[in-house]
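> One structure is given below, represented as structure tokens, and several questions about it will come after.
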Amino acid sequence: MGLSTLAVTDPVLTAFAEEIGPEGPVAVEGGRTRWQLGGELAPGTRLMHAPEGVVEYAPAEMTVRVRAGTTVADLHAELAVAGQRTGLPERGGTVGGAVAVGENSIHVLGRSSVRNAVLQIRYVAADGRLVTGGGPTVKNVTGFNLPKLMVGSLGTLGWIAEVILRTNPIPETTRWLVSADADPFAARDAVLRPSAVLWDGTRTWVELEGHRAEVDHEQAALEQLATFEASSGPPPLPPRRWSLTPAQLRSLGDHDTGAFVASIGVGLVHASRPQPPRPVDPGAAEIARRMKELFDPTGRCNPGRQPGGG
């Protein structure tokens, strides 16, 4: 079923599980880059740090096994030696934090999502056991897709100890362009595979990646639409996250976002104001309740947090 409590023999992970133990509220602390997401941590919660280090890297297989306390920056620095990277966001946090939060990087169109990057996950369950879900290759996994469930769970279903991630090549050329007169939706449709298309209501940024000839060709296609010039990178991103449909993205002026930067083609908006609470489908709420009850019946995993907040 792609789920095992017997396969983990790593003494580092075993020591991590023993330190967590079978009782009492616990939260794993990473880089605190999204520490308040999902609500305030319950008073009296014991804070811990996950183990660190790259355990195994197979460039030819394009996979890396890494412990959850490793910073994304350190992981990417090691992968860069072989010309690779992952889809995890580079904003100062840890690998485990990035997986627990599930927030995609602004480059998601070109690098894929955090959820798709996670092939296997090893975590400490609420009863103190080490559990493995998934596998180093998708074809070897059947049954319940535990890694995808854990992504974005904010550590409320278990404490992440180690993951196997899919890597991807660092392209030959990366180029950011900006325009003050481009339609961001037309820009998204004009190129085959942009790595990012961002819009702040006035300007449009496009990130192109690939071989130089491909990037030149896509830039020429954009310049048929509007005036683009070189940019040193993306704009600063406001701290809050909104999730909107494509139709809602086209009418952002109708929403009280404050300053915003929208990721076109993704449905994510970085805004200066929090998104108002949205009605939760009763069926989805019941599934979430049952999952929490199944994985953490005593409520000791990151108590106080609630996945789904921005």
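The values are calculated or read from the model by the stated rules, or taken from the named source; none is laboratory data. Owing to the predicted nature of the structure, the values given are computational and were not obtained by experimental measurement. Backbone-built Cβ (ideal geometry, glycine too); neighbour counts: all protein chains shown. Side chains are part of the model used for accessible areas, which takes the heavy atoms of the whole protein and leaves out ligands, DNA and RNA. Shrake-Rupley method; radii C 1.70, N 1.55, O 1.52, S 1.80 Å.
> In a Gaussian network model over the chain where Cα atoms closer than 10 Å are linked, find which of Pro194, Pro238, Pro184 has the largest mean-square fluctuation.
Pro238
> Then there's this: Which residue fluctuates most in the GNM of the chain (Cα springs below 10 Å): Val197, Val108, Val12?
For the chain, modelled as a Gaussian network with Cα springs under 10 Å, the answer is Val12.
> Over segment 76-136, calculate the relative contact order: mean separation of alpha carbon pairs under 8 Å at least 6 apart, over the residue count, as a percent.
Working: 60 pairs, mean separation 14.8, N = 61.
So the answer I get is 24 percent.
> Between Leu47 and Gln248, what is the label-to-label distance in nm when each label sits 7 Å out along the Cα-to-Cβ direction?
3.3 nm
> Which residue, Ala259, Ala60, Ala98, has the most motion in a Gaussian network model of the chain that connects Cα atoms within less than 10 Å?
Result: Ala60 has the largest fluctuation of those listed.
> List the relative contact order of segment 148-209 as a percent without decimals, with contacts defined as Cα pairs under 8 Å and 6+ residues apart.
After rounding, I find 33 percent.
> With semi-axes √(5λ) of the Cα gyration tensor in Å defined as stated, name the option among [x] 38, 20, 18; [y] 38, 25, 17; [z] 35, 24, 16 computed from the structure displayed.
Of the listed options [x] 38, 20, 18; [y] 38, 25, 17; [z] 35, 24, 16, [z] comes from this structure.
> Hey, another quick one. To the nearest 0.05, what FRET efficiency results for Asp281 and Thr33 with a Förster distance of 30 Å applied to their C-beta separation? Don't skip to the end; give the middle numbers.
Values: r = 30 Å, r/R0 = 0.98.
For R0 = 30 Å, the calculated efficiency reads 0.55.
> Kindly sort Asp256, Asp183 by accessible area of their heavy atoms, largest first, with the probe set to 1.4 Å. Working shown, then result.
Details: Asp256 100, Asp183 80 Å².
Putting Asp256, Asp183 in descending order of accessible area: Asp256, Asp183.
> Of all the accessible heavy-atom surface of segment 171-215, with the other protein chains kept in place and a 1.4 Å probe, what percent is carbon and sulfur? Don't skip to the end; give the middle numbers.
Numbers: 960 of 2030 Å².
Within segment 171-215, the accessible surface is 47 percent carbon and sulfur.
> Now a separate question. Whenever you get a sec, compute what percent of the accessible area on segment 10-122 sits on carbon and sulfur atoms (1.4 Å probe). If you can, show how the numbers build up before the last one.
On the way: 2430 of 4810 Å².
After summing per-atom areas, the C and S share lands at 51 percent.
> Going toward the positive end of the dipole of the chain, with +1 on Lys and Arg Cβ and -1 on Asp and Glu Cβ, which of Pro194, Gly253, Leu146 do you reach last?
Of the candidates, Leu146 comes out farthest on the positive side.
> Charges at C-beta only: +1 for Lys and Arg, -1 for Asp and Glu. How large is the resulting dipole of the chain about its Cα centre, in Debye rounded to 20? Before the final figure, lay out each step's value.
Working: 29 positive and 33 negative charges, 135 e Å.
With Lys and Arg at +1 and Asp and Glu at -1, about 640 debye.
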